[in-house]
Amino acid sequence: MVELLQSQGNRYKVSNILNYNNNISNLAGQQHFNNGIENKKILQTNNDQRITTTTAPKNKPNKVNKSGFVVYEEANFYISSRYHILKMLGKGSYGIVCSALDLTNRDNPVPIAIKKVTNIFTKDILLKRAVRELKLMRFFKGHKNIVNLYELDIVYCIPYDGLYCFQELADYDLARVIHSSAQFSEFHIKNFLYQILCGVKYIHSADVIHRDLKPGNILINHQGNLKICDFGLARGISPKFMKSKPNSITNYVATRWYRAPELILSRKKYSKAIDMWAVGCIFAELYARRALFMGSDIIHQATEILKVLGTPNRKIISSYGTSIAMELLNPPNPQYRPIPWNEILPYASNLALDLLGKLLCWDVLERYDVTQSIEHPFLIDIRDALDEPVCLAPFDFSFENTAITLNDYKILIHEEVESFKIERFGNSYKEQLHKGGNLVSSNQQ
């Protein structure tokens, strides 16, 4: 029998809630929601290594060269022999992610994830995102709720070319946990939300908007520790580093189901409030075990929001300032009444529903920011001031004002990797540079 709540301070082990029924229970053991969808299996091993059903690369490298680098053909990886590939975790247009072991200490190998970002040398948008993500991950390094970067490398030799990011390995992402048959209580939901908010507080304190918060971009381990990842769409908003004419809103950011209404219906400058909307969507999904607003396109997405929140008042409609907002929200199109949150999520507590309503609201000025959310009574019993640090200075994104061409960004990413290695290896790397070596370019063949 799985114990529903085994605490470690304020943390609750995910390994204690990964059972195989389709319900979420409250503290009294009441059955709340059936997720109504086919569940993906989440498997565990005795040594807590992550297992997925994805095809894995061969366990042994295909080639080993004299420089101490090895090739894994199936994943098109060219990496130092100190790393041993375990399994392919994901593959997409951005590249490939594999789990691996860092064998620096062979008596105590460290599980890590290796993310290879492909096509960055030919597609300027991917290169720009890679530079942005590296700079942000380095800037946020050390926060317990943001994924940590261990090592970087660039490989130029085709077909292994790309940016290699060696980072913390998580057991799952939050989407897998939500859509599994894992049984968890409101205590778990409260804890998950608090950790997300702590990460967002740190990000927002640097005047950065993540712009793509969703369960798939939140990693989680068996101990219940959450970490925000994927900063490729993040954006700095500090006036200190703005051009004289601020960039207009980019309404395609954020995955559709977690996209704030102002991103759909407005063309005005966005704010940190878009992240808080996404947090609200994730919060609701933790209860419902499905996304709250599942639009098939942007018009359908806005309609799904309308059906729940009701039609906004004329002041909000006019504030969007677009024809699409005027047409969609005004008669003769249907006018909706809001559905009470306790009818949508009947087993969530009153405090949870109150906070949810403060996050998922039309008016950007009324939507709770991250500090207000953390200070809400729903979270009062698990807060710890040590978990809520802030950045001392805003993130400097002025490089985006000066880098224009693909070559500009190639230089930037090369400098970023070298800077990371100097910070990581110190004098040993500097000595190699003085001798004419270069760890960044040494992988060229």
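Does A254 satisfy being of a type in the set (G, A, S), within 30 Å of I178 (Cβ to Cβ), touching a Leu at 6+ places or on another chain (Cβ under 7 Å) and at pLDDT below 95? In short, yes. Within the stretch 334-345, being under 29 Å from H188 (Cα atoms) and without any contact (Cβ under 8 Å) to a residue 60 or more places away in the chain holds for P338, I339, P340, W341, N342, E343.
Taking the conditions (1) in the same structural domain as D275 (by TED's automatic domain parsing); (2) loosely packed, with under 11 Cβ neighbours inside 10 Å in turn, D354 satisfies each one other than (2).
Selection of the stretch 292-319 for residues being among the aliphatic types (A, V, I, L, M), within 21 Å of P215 (Cβ to Cβ) and surrounded by 20 or more Cβ atoms within 10 Å (Cβ to Cβ) yields L292, I305. Among the residues making up the stretch 298-310, those that are out of contact with any helix residue (DSSP H, G or I) (no Cβ under 6 Å at 6 or more places or on another chain) and either touching a residue at least 24 places away in the same chain (Cβ under 8 Å) or of a type in the set (G, A, S) (or both) are I299, T303, L306, K307, V308, L309, G310.
For I299, state whether it is outside any loop (DSSP other than H, G, I, E, B), over 26 Å from the mean Cα position of the chain (by Cα) and of a type in the set (A, V, I, L, M, F, W, C). For I299, the condition - outside any loop (DSSP other than H, G, I, E, B), over 26 Å from the mean Cα position of the chain (by Cα) and of a type in the set (A, V, I, L, M, F, W, C) - is not met. If you filter the stretch 91-120 down to residues that are at pLDDT 85 or above and more than 20 Å from F69 (Cβ to Cβ), you find that the one that is surrounded by the most Cβ atoms within 10 Å (Cβ to Cβ) is P111. Checking every residue in the stretch 338-346 against the condition of being surrounded by 15 or more Cβ atoms within 10 Å (Cβ to Cβ), over 30 Å from F139 (Cα atoms) and touching a Cys at 6+ places or on another chain (Cβ under 6 Å) gives zero matches. Among the residues of the stretch 399-421, none qualifies, meaning not one is modelled with pLDDT under 95, surrounded by 14 or more Cβ atoms within 10 Å (Cβ to Cβ), more than 23 Å from Y78 (Cα to Cα) and hydroxyl-bearing (S, T, Y). Entry remark, the stretch 362-372: residues being closer than 16 Å to I316 by Cβ and either crowded, with 21+ Cβ neighbours inside 10 Å or of a type in the set (F, W, Y) (or both) number 2 in total.
Of all residue pairs spaced 6 or more apart or on separate chains, those with beta-carbon atoms under 8 Å, a first member in the stretch 317-333 that is assigned by TED's automatic domain parsing to the domain that holds S271 and a second member that is part of a helix (DSSP H, G or I) and among the acidic types (D, E) are Y320/E262; N333/E327. Taking the stretch 260-284 as the range and being charged (D, E, K, R), at pLDDT 95 or above and crowded, with 23+ Cβ neighbours inside 10 Å as the test, only D275 passes.
The values are calculated or read from the model by the stated rules, or taken from the named source; none is laboratory data. From a predicted model like this one, the values you see are computed outputs, not experimental measurements. We place every Cβ from the backbone using ideal geometry, glycine too, and count neighbours over all the protein chains shown.
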